[in-house]
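Asker: Just dropping this structure here.
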Amino acid sequence: MSADGWNLLYTALIVIAQAIAFKRYFWDMPLKNGLEFFFGIEVPQGFYEGVGARWLRAWHALVLSVNLILALALAAILFWGPWDLLAVWAGGVAVLHVATFMGFRLYARAKLGKNPPIKASAAVSLEPRRLGDYFWWPGEAIMASIIALSWVLLCARGDARLRWPAPVTLTYLIVGLFLLEIGFVRMSFPPLPADRPEEHRRWMEASMRWSVRVWDISRWLFATVLAAYALEHGWHAVAANPWSRQLLIGIALAVWVSLVVSLLRGERRLTLMGRGLRPAGSWSTPFRTAEVVPRSLAVLFFAWFGGLILLIAVSLS
Amino acid sequence: MFLTVDSEDKRPLYQQIVDGVKALIASGELREGMGLPSVRQVAGDLGVNLNTIAVAYRQLQAEGLVHVRHGAGTVVSSRHGREVEEEELRKPLRSALTQLILGGRSDREIVTAVRRELKLLHERGGSR
């Protein structure tokens with residue numbers, strides 16, 4: 001198959017995966033806890049016949065706009081190239097989705113979830129949570145080595161086409177996501193309802209593991225893109241051989257596909273597990289207010305995302 | 001394994017935690033050598049001050065039910081805790097019995113209630 005043929009194959013793969021994710025994951029995301037909730041916020045009966053319909057429309061408009069932007073970017077790569085940007089595009093998908101959807105969710109919570117129900121009693125799990133239960137340290141060491149070697153290659157043998165904002169942004173993404181993951185694991189669980197606490201705890205544990213896994217794969221995706229960039233700009237044999245470039249793009253896309261698969265499978269499992277359970281963070285106790293994410297984590301996330309926007313702006317200017 | 005706290009309970013929060021951990025140890029759900037979560041984790045999950053949980057853990061430590069092991073955090077020491085005078089053990093029992101009598105329960109009802117609670121405690125931990 002020619003190089004263009006491979007590229008078209010990759011693009012077709014992306015479009016299919018994106019279409020499945022769009023339909024099965026994103027479109028009905030606010031309704032995954034049932035019609036009594038909107039993004040885990042308890043709503044009154046008849047909500048979706050009134051105000052709720054507007055909220056749903058706003059959500060659908062956001063999902064459509066994000067996907068439209070991504071589709072236009074993909075079309076631009078398809079028609080004008082360069083094809084290497086496919087891998088960067090794949091990373092952009094993850095960042096754009098997480099940022100816009102988290103923003104929408106926080107906005108919905110601020111507007112609709114001002115007065116969550118308050119329950120007098122709450123349960124707390126006595127299972128200790130440790131970072132080592134969620135991170136595989138040898139894997140982290142391998143990733144750190146890949147990043148370090150990529151930088152050594154770029155610093156020692158980087159060619160004239162090398163643009164420093166690219167590796168800087170990728171490294172920033174990886175390190176930032178790692179810090180966010182640590183914050184996420186260390187952050188507190190929302191309170192557990194006193195009835196069926198074990199089922200709620202299991203759901204929250206599974207949800208935490210799933211999120212960490214998705215973020216892990218995202219980091220691997222960026223690490224792969226960084227390594228590919230370093231090889232292309234620091235190892236002339238790779239840059240000269242179109243097949244090796246195809247291989248690198250292929251590896252990055254394989255990681256991206258595994259990200260989408262993990263996202264969909266995990267979401268499906270969590271939806272099944274969460275049936276009939278009160279969504280986490282949908283109620284308050286006298287000791288703790290309901291929240292989507294702890295404030296400190298939200299601040300960390302937006303600081304990281306702001307830094308990312310700044311880096312992109314600097315690299316474009 | 002869970003602790004349940006209730007804002008409508010008249011006991012202070014730290015006492016509810018102490019009593020909850022004791023019940024788990026007594027029922028055998030928390031066994032010797034098992035680790036308890038850090039003060040930070042429990043305080044964060046419940047949304048209460050770190051001090052509240054620290055006071056509860058200190059009390060459990062003072063009673064010999066848990067100890068702090070370097071690198072492992074707070075660990076359950078033993079099911080029985082330190083040696084306590086028989087009279088000291090009887091005090092809370094006497095107080096609870098008084099409450100039940102004042103609440104109009106007959107001796108038979110009290111004995112039945114005590115048996116039921118004991119049975120529940122054993123069933124919960126599958127012990128003894």
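Asker: In segment A:222-242, which residues are among the hydrophobic types (A, V, I, L, M, F, W, C) and touching a residue at least 40 places away in the same chain (Cβ under 8 Å)?
Answerer: A:Phe222, A:Ala223, A:Val225, A:Leu226, A:Ala227, A:Ala228, A:Ala230, A:Leu231, A:Trp235, A:Ala239, listed by residue number.
Asker: Return the residues of segment A:107-131 that are crowded, with 18+ Cβ neighbours inside 10 Å, of a type outside the set (Val, Ile, Thr) and not in a loop (DSSP other than H, G, I, E, B); say none if nothing qualifies.
Answerer: A:Ala108, A:Arg109, A:Leu112, A:Ala122, A:Ala123, A:Ser125 - these are the residues of segment A:107-131 that are crowded, with 18+ Cβ neighbours inside 10 Å, of a type outside the set (Val, Ile, Thr) and not in a loop (DSSP other than H, G, I, E, B).
Asker: Being in contact (Cβ under 8 Å) with a residue 60 or more places away in the chain and more than 14 Å from chain A (Cβ to nearest Cβ) narrows it down to one of B:Ala26, B:Ala54, so name that one.
Answerer: None of the others qualify; the one that does is B:Ala26.
Asker: Here are the criteria: (1) over 16 Å from B:Val68 (Cα atoms); (2) at the interface with chain A (Cβ under 7 Å from one of its Cβ atoms); (3) in contact (Cβ under 8 Å) with a residue 12 or more places away in the chain. Tell me which single one B:Gly35 does not satisfy.
Answerer: (1)
Asker: Filter segment B:1-23 down to the residues that are facing chain A (nearest Cβ under 7 Å) and hydroxyl-bearing (Ser, Thr, Tyr), then identify the one that is nearest to A:Asp195 (Cα to Cα).
Answerer: Checked segment B:1-23; the qualifying residue nearest to A:Asp195 (Cα to Cα) is B:Thr4.
Asker: I would also like to ask the following. Can you list the helices (runs of 4 or more DSSP H) lying wholly within segment A:229-317 that have 2 or more residues being surrounded by fewer than 17 Cβ atoms within 10 Å (Cβ to Cβ) and within 14 Å of chain B (Cβ to nearest Cβ)?
Answerer: In segment A:229-317, the matching helices (runs of 4 or more DSSP H) lie at A:295-316.
Asker: Within 14 Å of another protein chain (Cβ to nearest Cβ), within 30 Å of A:Ala122 (Cα to Cα), in contact with a Leu (Cβ under 7 Å, 6 or more places away or on another chain) and of a type in the set (Phe, Trp, Tyr) - does that describe any residue in segment A:180-189?
Answerer: Yes; the residues of segment A:180-189 include at least one that is within 14 Å of another protein chain (Cβ to nearest Cβ), within 30 Å of A:Ala122 (Cα to Cα), in contact with a Leu (Cβ under 7 Å, 6 or more places away or on another chain) and of a type in the set (Phe, Trp, Tyr).
Asker: Right, here's the next one. Name the helices (runs of 4 or more DSSP H) wholly inside segment B:13-124 in which the number of residues that are more than 29 Å from A:Gly183 (Cα to Cα) and out of contact with any helix residue (DSSP H, G or I) (no Cβ under 7 Å at 6 or more places or on another chain) is 2 or more.
Answerer: Passing ranges, in order: B:13-27, B:50-62, B:86-102.
Asker: Every residue in segment A:152-166 that is surrounded by 16 or more Cβ atoms within 10 Å (Cβ to Cβ) and at pLDDT 90 or above, please.
Answerer: A:Leu153, A:Leu154
Asker: Any idea which of A:Ser296, A:Ser258, A:Ser284 is within 15 Å of the chain's Cα centre (by Cα) and of a type outside the set (Lys, Arg)?
Answerer: A:Ser258
Asker: Mind checking which residues of segment B:38-51 are touching a residue at least 12 places away in the same chain (Cβ under 8 Å) and either of a type in the set (Gly, Ala, Ser) or facing chain A (nearest Cβ under 7 Å) (or both)?
Answerer: Correct list: B:Ser38, B:Val42, B:Leu46, B:Val48.
Residue by residue, here is whether (1) more than 17 Å from B:Asp45 (Cα to Cα); (2) hydrophobic (A, V, I, L, M, F, W, C) holds:
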| site | (1), (2) |
| --- | --- |
| A:Met143 | yes, yes |
| A:Leu153 | yes, yes |
| A:Leu162 | yes, yes |
| A:Tyr172 | yes, no |
| A:Ile182 | no, yes |
| A:Arg219 | yes, no |
| A:Ala227 | yes, yes |
| A:Val238 | yes, yes |
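Asker: Against the definition (among the polar types (S, T, N, Q), surrounded by 13 or more Cβ atoms within 10 Å (Cβ to Cβ) and either more than 27 Å from A:Arg288 (Cβ to Cβ) or more than 9 Å from chain A (Cβ to nearest Cβ) (or both)), how does B:Gln59 come out, yes or no?
Answerer: yes
The values are calculated or read from the model by the stated rules, or taken from the named source; none is laboratory data. Please read these numbers as outputs of a predicted model, since none were measured by experiment. Note: ideal-geometry Cβ built from the backbone for every residue, glycine included; neighbour counts use all protein chains shown.
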